[in-house]
Structure formats: structure tokens, C-alpha cells
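Derivation of every value follows stated rules applied to the coordinates shown; laboratory data play no part. These figures come from a predicted structure and were not determined experimentally. Cβ: placed from backbone, ideal geometry, glycine included. Neighbour counts: every protein chain shown.
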Amino acid sequence: MTLFDAFRFDGKRVLVVGGATGMGAAAAELAQAAGAEVIVADYAEVTLPGAKAIHVNLADAASIDTAVEQLGGPVHALLSAAGVADGTPGIERINFIGHRYLIDRLLAGGLLPRGSAIGFISSAAGLGWEANLPLLKEYLAITDFDAATKWAVEHGKADYMWSKQAVCAYVATQAMPLLKQGIRINAICPGPTDTPLAQTNKETWLGFGADYRAELGIEAATPLEQAYPLLFLVSDAASAINGITIVTDSGYFSAGLTEVFPTATPIVRFLSGR
């Protein structure tokens, strides 16, 4: 045994929700390389050799119930990686409500033991959550699957930005209650990342911050580059980290906020609600 073992997942079961493609798939492969038994739950076909595949539709509570019943054991690390873009029916459920419902089911079934951890993928679109905290807290207080869906639709919040702000606010508000049960929760907030989802929204998603990356001589992040910090957050090596969202955007947000890269300042202020 070495000090570096805290970064590994030997003897642990890692559930990756949304692990068939993109950042989730990279995280699933990385977890497997780090010694984990990997379970991938997704609506799409799972192709990772050696991983247990479970079909799930996060827009359907019954489908989530069925998926949880198929786990067959505890989950030591949960990676909530599934997400869809604006225009997708049920986006409010797929990007947040379904993830939260699954977590609630795992907790109720005793499937998240003490020492386990949850890692979400949020987005740069979620960075302004603090400015909307009162309304977000109203939303988060609605824990029923259908009632939360109804609220989002009726309040015009069934969209990508709100769902990602909800993820960030959920992580922050649940950090203390979950840690009382020995469970940590954190998230990453990726900048532009070259995933299949980003490619279908290439002009908007991968065009964002292109001038910043051009000046630095770098490309948009790869899924694996986002998987590294995500998996770290649910490792024992991150045991002191809880309730935060790490911005993984190669410094774009910081450069805009501090006016080091003035071109980014207006959009960063808008996204952060400042």
C-alpha cells in the first residue's frame, strides 16, 4: 500500500450515469483503469468492455427505479454525467431531476455507503447559480419527480442553463446533509469540450471561447481531460473537498472575471450573474 492508493479505485464499484459517450465514457474507462468495477447506465448503447451495462431513461422515474434494482450492490462512487442540449424533450428531467431522483433512490436503498462520493458534470452555463439562489432553493425544495417537472415547465425553466444552475445549487446545498451520512458531493463545470453532444451544437458550444484558445494556442478540452478532475473528486484523495463546483475551462472564466482577457469579461459577468 502506498500514499498514491488514495487516487485509485481498487475494490470499489463506480456507477457512471451517462457513460456511453463523451465525458461520461471517458470517466468510465478511466475508472476502470484505476481498478474500479464499473457500471454504466445510459439510454444509449454501452460499448465499454468489462463494464456492466444498464439501460436507463432519466426522463422516466419508472426506468430509473428499474435501473437501481439492477445494480446488485453498493455504489462507492457515482458519476452523474448524462446531459442533453436545449430542444430535447424532458431536458429538465434528464439534466437534473432524474439524476436527483436516482440519488434519492440510492440513498433510500442504502446503496451509497459511508465513504462514497458523488460527482456531477455541470457546465459554464450553470455558473450564475448564486444570483438565482432564492428561486433555485424554491425549486430544489420540490423533491417529487413529477411536481419538480411541472414547476420547471410552468416557470419557463425547462432549459439547459437552468438545469445546470440547479446542479450547482444542489451540490452546494446537499454538501452538509450528505456529509452527515459520510457522503461527499462535488461537480466539475467544463468549458468547451469536444464531445459528440458538443459536435451537434458545434457553432455555439465549441465556438465559445475560441478566441481565448486561439490566443493561448490550445484546443477545446478532450473528454478525458474533463474525466481526470471528475474522477479525482470522487476519489479518497479528494476527501477534504465537498460541496464545490470546479471550473475546468483552461482559465477562461478567471481571465474574463479579472479582465485579463477583456473580450471574455461581458459573457463571464453575464454567466456569473455579476
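Within the P(r) computed for region 13-70, what percentage of the Cα pairs occupies the region above 14 Å?
Tail of P(r) above 14 Å: 46 percent of Cα pairs.
Share of Cα-Cα pairs in region 111-237 beyond 21 Å, in percent?
50 percent
Check Phe120: other-chain or 5+ apart residues with amide H under 5 Å from its amide H, H built from backbone geometry?
Ser80, Asn186, Ala187, Ile188
Listing Thr88, Thr195 from the residue with the fewest other Cβ atoms within 10 Å to the one with the most, what is the order?
Thr88, Thr195
For Lys150, list the aspartates and glutamates whose Cα falls under 16 Å from its own Cα; do not include residues on the same chain fewer than 8 positions away.
In chain and number order, the partners are Asp60, Glu92, Glu138, Asp159.
Which ³J(HN,Hα) values, rounded to whole Hz and listed in residue order, are derived for region 201-209 from phi using the Karplus coefficients 6.51, -1.76 and 1.60 in 6.51 cos²θ - 1.76 cosθ + 1.60 with θ = phi - 60°, glycine and proline given as x?
Taking θ as phi minus 60°, the curve returns 10, 4, 4, 7, 6, 8, x, 4, x Hz for region 201-209.
Which whole-number percentage describes the relative contact order of region 122-244, with Cα contacts under 8 Å and a sequence gap of 6 or more?
30 percent
With the Cα gyration tensor of region 1-156 in hand, give its eigenvalues times 5 under a square root as the equivalent ellipsoid semi-axes, listed largest first in whole angstrom.
27, 17, 16
Within straight cross-link reach of Lys202, meaning Cα distance under 30 Å, which lysines are found once same-chain residues fewer than 8 apart are removed?
Result set, ordered by chain and number: Lys157, Lys164.
Spelling out what I want: for every residue of region 58-63, take phi, set θ = phi - 60°, compute 6.51 cos²θ - 1.76 cosθ + 1.60 (Karplus), and round to whole Hz; glycine and proline get x.
With the stated coefficients, region 58-63 comes to 5, 7, 10, 4, 5, 5 Hz.
Report, in deg cm²/dmol and to the nearest 500, the calculated mean residue ellipticity at 222 nm for the chain, where each DSSP H run with n ≥ 4 adds -39500 (n - 2.57) and the sum is divided by the residue count.
My calculation for the chain gives -11500 deg cm²/dmol from helical runs alone.
Largest first and in whole Å, what are the equivalent-ellipsoid semi-axes of region 20-109 based on the Cα gyration tensor, each being the root of 5 times an eigenvalue?
Square roots of five times the eigenvalues give 20, 16, 11 Å.
Two decimals, Cα atoms only, Kirkwood Rh: what is Rg/Rh over the chain?
Here the Rg-to-Rh quotient is 0.95.
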